[in-house]
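Accompanying notes for the structure given below.
The values are calculated or read from the model by the stated rules, or taken from the named source; none is laboratory data. Owing to the predicted nature of the structure, the values given are computational and were not obtained by experimental measurement. Because the Cβ atoms are built from the backbone with ideal geometry, glycine has one as well, and the counts that use them run over all protein chains shown. When the accessible area is computed, the model is the full protein with side chains, heavy atoms only, and any ligands, DNA or RNA have been set aside. Shrake-Rupley method; radii C 1.70, N 1.55, O 1.52, S 1.80 Å.
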Amino acid sequence: MWPLLIFSVATIAIALERAIYIFYHNLRLEDLEEKTAEYIHAKDMEGAKQYLSGLTKRRMGARILLVLVKRSDLSEHRIEKAVETEALTCINSLENGFNFLVALGSLSPLTGFLGTVSGMIGAFKSIAEATEVNAQIVANGIYEALITTVFGLVIAIIAMIAHSLFSHVVDRFAMDVEKSCSDLITELVTGTELPAVN
């Protein structure tokens, strides 16, 4: 049970830390894309830089779009590479701890099953040493076997749910970044005004 207790504390701590981190770094992009497109259409790159610079602390999208604006004088390919590098850096920072959640989700049930085997060994040992077998003799071993399995599975379920939810949020952010940057690069290169973002 001690390893399972450690795993449960670690799972909850990582899940809470990631939830707070993702919530703090607002991942919305619609408003940023729309405002940046207005600056680009007006050829006001300095205004776009000032607008995005003021939001980089709490907006991941602002960091990425700021790189796009700062590299606006480069070729389309080089802008795309610069934006892609910054986007990968941001996404990697969002995904910190995800591997630990996967590991905890895998190790917890295995540890629980180990407790199950340990409990059954104790139960059979009690049976072997007893001169008269009754339910009370094996009850403690069976209890240990069941309780560790349940705890291991509960921890695994929490870890995998948290991982799935966070992965969905980050994947959605990555898709939004790709679309927004593609639209804004098109605006930069062709000078075509983009349709309003709903």
**Single condition ALA156 does not satisfy, out of (1) more than 35 Å from the chain's Cα centre (by Cα); (2) closer than 30 Å to LEU88 by Cα** = (1)
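Please go through region 37-52 and pick out each residue that is in a helix (DSSP H, G or I) and hydrophobic (A, V, I, L, M, F, W, C). Spell out how you get there, then give the answer.
Narrowing region 37-52 to residues in a helix (DSSP H, G or I): 37-41, 45-52.
Listed by number, the residues that qualify are ALA37, ILE40, MET45, ALA48, LEU52.
Restricting region 37-65 to residues that are within 16 Å of CYS90 (Cβ to Cβ) and touching an Asp or Glu at 6+ places or on another chain (Cβ under 8 Å), which is surrounded by the fewest Cβ atoms within 10 Å (Cβ to Cβ)?
Within region 37-65, the subset within 16 Å of CYS90 (Cβ to Cβ) is 52-53, 55-65.
Still in the running and touching an Asp or Glu at 6+ places or on another chain (Cβ under 8 Å): 61, 63-65.
On the way: GLY61: 27, ARG63: 19, ILE64: 27, LEU65: 28.
Out of the qualifying residues, it is ARG63.
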**Message:** Between GLU34, GLU80, GLU17, which is closer than 30 Å to PHE151 by Cβ, open to solvent by 30 Å² or more (accessible area, probe 1.4 Å) and either assigned to a loop (DSSP other than H, G, I, E, B) or not β-branched (Val, Ile, Thr) (or both)?
**Reply:** GLU17
**Fill in**
Over region 159-169, the set of residues touching a residue at least 12 places away in the same chain (Cβ under 8 Å) and either surrounded by fewer than 19 Cβ atoms within 10 Å (Cβ to Cβ) or touching a strand residue (DSSP E or B) at 6+ places or on another chain (Cβ under 8 Å) (or both) is MET160, SER167, VAL169
**Item:** Scan of region 101-116 for residues that are surrounded by 13 or more Cβ atoms within 10 Å (Cβ to Cβ) and more than 14 Å from MET160 (Cα to Cα), ordered by number
**Value:** THR111, GLY112, PHE113, LEU114, GLY115, THR116
**Item:** Unique match (being more than 19 Å from the chain's Cα centre (by Cα), modelled with pLDDT of 90 or more, under 30 Å from ALA15 (Cα atoms) and not in a helix (DSSP H, G or I)) among LEU55, LEU66
**Value:** LEU55
**Fill in**
The condition from (1) in contact (Cβ under 8 Å) with a residue 40 or more places away in the chain; (2) part of a helix (DSSP H, G or I); (3) open to solvent by less than 80 Å² (accessible area, probe 1.4 Å) that SER72 misses is numbered (2)
**Prompt:** Does any residue of region 124-144 turn out to be in a helix (DSSP H, G or I), closer than 18 Å to PHE7 by Cα and either modelled with pLDDT under 95 or of a type in the set (Ser, Thr, Tyr) (or both)?
**Reply:** yes
